[in-house]
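What follows draws every value from the coordinates through simple rules; no lab data is involved. Nothing here was measured: the structure is a model prediction, and the numbers come from that model. Using ideal geometry, Cβ is built from the backbone for each residue, glycine included, and neighbour counts are taken over all protein chains shown.
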Amino acid sequence: MPRSNRPRGRRRPDDDDRGDLNQMLYGSRRTEHKSDGEWNVQPVSSGNAVKTYTCPGCSQPISAGASHTVTWRADGIMGEADDLAARRHWHQHCWKIRL
């Protein structure tokens, strides 16, 4: 008898659907705590990296097509719009070793 790959049972509706939508819209954005406060961190895939940036950690260029990390303050006092405007692009390693 052939094997059936059909899922068994019904899927329960829950908040995962909303999480999937956020995942599609914002990628895997997360919040990290560093010594100078709370930061929003969002990885950028190599396919979405279309410009060249300078990493504030090592002052070296991040070339177009290189995956990297974008960060901005999550606890800034000037408001979310200003924090987002002040976002910076980091090499993944430089952000990871930052204290």
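Where Lys and Arg each count +1 and Asp and Glu each count -1, what net charge lies around residue 76 among other residues with Cβ under 14 Å from its Cβ?
Cβ neighbours under 14 Å give a net charge of -2.
Taking only the alpha carbons of the stretch 41-99, what extent do you get along each of the three principal axes, in Å, biggest first?
Here the spans come out as 33, 24, 16 Å, largest first.
Based on other C-beta atoms within 10 Å, arrange 59, 67, 45 from fewest to most.
Lowest count first: 59, 45, 67.
Dipole of the stretch 41-99, Cα-centred, from +1 at each Lys and Arg C-beta and -1 at each Asp and Glu C-beta, to the nearest 20 debye?
Here the stretch 41-99 has a charge dipole of around 240 debye.
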